[in-house]
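Comments concern the structure below.
The values are calculated or read from the model by the stated rules, or taken from the named source; none is laboratory data. The structure displayed is predicted, hence computed values, not measured ones. Cβ coordinates were reconstructed from backbone atoms using ideal geometry, including for glycine residues, and neighbour counts include every protein chain displayed.
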C-alpha cells in the first residue's frame, strides 16, 4: 500500500531536487562552455581520458553546441527521462574514464568530487517525476 507524501515533505523534496538539478547544471554548463572557451582543453581530455585522439576544434564546438542544448533542456526539466538519463550516463562515463586517477588519491583529490555528483545525477533520474519545481510542463 503506497502512501501519499504530505505537502510539507513533498515541498521539501521538490526544493531539494531543484537544488541538485541546479548544482549539476552549473558543473555541466561550465564543462560545456569550456569546449567553446578552450577547445584544445577538450581535445586533450578526449585523448587522455577516452583514448580518442585527433578531435578537431570544429568537433569540440559541435559537441559543445549539442551539450549546451542538453544541459539547458536538463535544467528546464524537458523530457526528463531522456535528458536526466543522458546527463547521468555522460557524467558516469566521465567519472569512470578517470579511474586511474583514483589510485593516486591524494594527488588527485578533486577527481573524487565526481562521485557525489554522479550520485546526485542518479537521484535526479530516479526521482524525476517528483522533480517539478520550476520545470517546463
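Observations, loosely collected:
- Qualifying residue in segment 100-109 (condition: closer than 18 Å to residue 29 by Cβ, surrounded by 12 or more Cβ atoms within 10 Å (Cβ to Cβ) and in contact with a helix residue (DSSP H, G or I) (Cβ under 7 Å, 6 or more places away or on another chain)): no
- Contacts under 7 angstrom Cβ, first residue in segment 55-83 being free of Cβ contacts under 8 Å to residues at least 24 places away in the same chain and at negative phi, partner surrounded by fewer than 16 Cβ atoms within 10 Å (Cβ to Cβ) and in a loop (DSSP other than H, G, I, E, B), 6 or more apart: 73/79
- Among (1) assigned to a helix (DSSP H, G or I); (2) closer than 20 Å to residue 137 by Cα, the one test that residue 29 misses: (2)
- The listed residues are 74, 46, and the only one of them that is at pLDDT below 95, touching a helix residue (DSSP H, G or I) at 6+ places or on another chain (Cβ under 9 Å) and either part of a helix (DSSP H, G or I) or within 30 Å of residue 132 (Cα to Cα) (or both) turns out to be 46.
- Any chance residue 24 is surrounded by fewer than 16 Cβ atoms within 10 Å (Cβ to Cβ), under 26 Å from residue 102 (Cβ atoms) and under 17 Å from the mean Cα position of the chain (by Cα): no
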